[in-house]
Amino acid sequence: MERKELVELLQEHNQEHLLWYYDRLTSEKQANLAAQLEKLDWRLLRLSESGNVSRKRGEIKPLTGLNREQIEANREAFEKAGLQAIQQNKAGAVLLAGGQGTRLGCSGPKGNYNIGVTREVYIYELLFGNILEVVHKTATWIPLYIMTSDKTHEETTKFLKEHQYFGYNETYIKFFAQEMNPSVDYEGKLLMEAPDRLSLSPSGNGGWFSSMVKAGLLNDLEARGIEWLNIFAVDNVLQKIADPLFLGATICSGKASGAKVVRKAEPGERIGVLCMEDSKPSIVEYYEMTEAMLQERTPSGELSYSLGVTLNYLFRLDRLKEILSKDLPIHVAEKKIPYLNQKGEYVQPDKPNGYKFEELALDLIPLFEECLPFEVNREEEFAPVKNASDVDSPETARELLKRNHIEL
Ligand code: UTP
């Protein structure tokens, strides 16, 4: 695109500031910037006009799932079904590792974080250790797909290679890249990270399946005969991955998706909750719930909305393919976004200065129209590392790891 066309395009969208540095750039860098702008989804910018206002939700009602007692009562049958599916190579796992972990504030990808005290224990080491337990039990390698972003790819791949994938068979690991989205300041002006580059950030964890498809991995899934994908986050260092019990229970339920949930610790816990919305399963964030919903109890005294989601889901591939063309809502999130100012200085703000645009995996649940909530013991399977200190921090996770006899 020539300068004149670029000016017209930017005037149309009220973004002329993107040309502050243009005339000082080499023609190659000018072309870089033009190429980014040509493929930009301008619709995103309109979303930020009203800020990060909360979405309008439908009619919310409580949902009940399989509780721990029911799971125990059926353990044998569930485990048998799950182990069989894994041994028939019907299960794969997808690690969502494109996030920047800004709240934790570590320098590299969160999985590379050393949570050890007297020895090195990396988050990835714990996660790989968990899935390896199932590999050993079933004598079957489970294909592991790892989603990275431009912000995490290089360091993640280098780190895992250096650590020989913590014992995982490299031939069963495949990386794929997620999409990146632009970000804007509070006036809706696109932020830049270099004179020829927009500030791009990972587009959220919701687009993982479409990114897998774009990377050509649907062929790989189909060629291997995979029917189920267990998607999981980096954060929960105690979670069980490709858990035969969870897989078997979901298969036996006949439902096309399942969610590992923990019973909420207290009404105000900051965790998304699985419930019904307009007669479909759905996840409501803690800040979207009214005080009355947070406090509501069943006749036996339990919280009515108690199914806290842990970002560990099972999705059946045939349904994933069916819903691939459906759009997920875009969340406008207020964040600290480093940017280049008019003088060309790189600024790293210490408080939020604009918006990022993200799609979230939790929004897949209503599209599935059916989901099995599967309750796990939070003391044994839920140790998220989200924040640098206090709640859900390395400190709280270490305590839980120690209680589960994991030497740090
Ligand atoms: P979070 O919602 O905790 O986001 O991600 P984050 O970006 O890692 O952390 P903050 O908000 O900056 O502190 C939950 C999971 O989804 C992955 C993360 O890597 C984590 O496993 N994720 C998040 C992606 O894969 N891509 C994204 O764009 C965002």
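The values are calculated or read from the model by the stated rules, or taken from the named source; none is laboratory data. Bear in mind that the values here come from a model prediction, so they are computed numbers and not experimental data. Positions of Cβ are backbone-derived with ideal geometry, glycine not excepted, and every protein chain shown enters the neighbour counts. All accessible areas refer to the heavy atoms of the entire protein, side chains included, with ligands and DNA or RNA removed. Shrake-Rupley method; radii C 1.70, N 1.55, O 1.52, S 1.80 Å.
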Euclidean distance of C-alpha centroids, segment 278-327 and segment 180-236, integer Å: 23
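Looking at segment 29-92, which GluC sites (Glu not before Pro) are in a loop (DSSP not H, G, I, E or B) and have at most 12 other Cβ atoms within 10 Å?
Working: sites: 38, 49, 59, 69, 72, 76, 79; in loops: 59.
Sites meeting the loop and neighbour criteria: 59.
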Separation between Cα centres of segment 21-43 and segment 107-160, rounded to whole Å: 36
Solvent-accessible area, 1.4 Å probe, carbon plus sulfur percent, for segment 238-356: 48
Rg over Rh [alpha-carbon atoms, Kirkwood Rh] for the chain: 0.98
Percentage relative contact order, segment 1-121, counting C-alpha pairs under 8 Å, at least six apart: 12
Residue-averaged 222 nm ellipticity for the chain, from DSSP H runs of 4+ at -39500 (n - 2.57), nearest 500: -8500 deg cm²/dmol
Residue among 299, 60, 228 farthest towards the positive dipole end of the chain, charges placed on Cβ: 228
Reach of residue 158 by Cα under 18 Å, taken over aspartates and glutamates that are not fewer than 8 positions away in the same chain: 120, 125, 150, 170
Partners for residue 402 among lysines (Cα-Cα distance below 21 Å; same-chain residues under 8 apart left out): 110, 240, 386
Euclidean distance of C-alpha centroids, segment 353-408 and segment 78-106, integer Å: 13
Mean separation of Cα contacts under 8 Å, 6 or more apart, over the residue count of the chain: relative contact order %: 23
About the Cα centre, charge dipole magnitude for the chain (Lys/Arg +1, Asp/Glu -1 at Cβ), debye: 400
Segment 1-58: chymotrypsin sites (Phe, Trp or Tyr not before Pro) in DSSP loop, at most 14 other beta carbons within 10 Å: 42
Pairs from 80/151; 161/351; 137/280; 56/264; 260/321 whose Cα-Cα separation, in the structure shown, is over 30 Å: 80/151; 161/351; 137/280
Average Cα contact separation per residue, segment 192-350, under 8 Å, 6 or more apart, as relative contact order %: 29
Within the accessible area of segment 45-96 (1.4 Å probe), percent carbon and sulfur: 45
When each of 214/255; 255/336; 39/61; 4/214 is checked by Cα-Cα distance, pairs over 31 Å: 255/336; 39/61; 4/214
Probe 1.4 Å, accessible area per residue of the chain, Å²: 48
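First check a/c for segment 58-138, with a ≥ b ≥ c the square roots of the eigenvalues of its C-alpha gyration tensor; if it is under 1.5, answer rounded, and if not, answer prolate when a/b is larger than b/c or oblate otherwise.
Since a/c reaches 1.5 but b/c is at least a/b, the shape of segment 58-138 is classed as oblate.
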Calculated FRET value between residue 107 and residue 27, using beta carbons and R₀ = 22 Å, to 0.05: 0.05
Inter-label distance, nm, simple model (7 Å from Cα along the C-beta direction), residue 114/residue 73: 4.9
Label-point separation in nm, residue 345 to residue 222, each point 7 Å along Cα→Cβ: 5.5
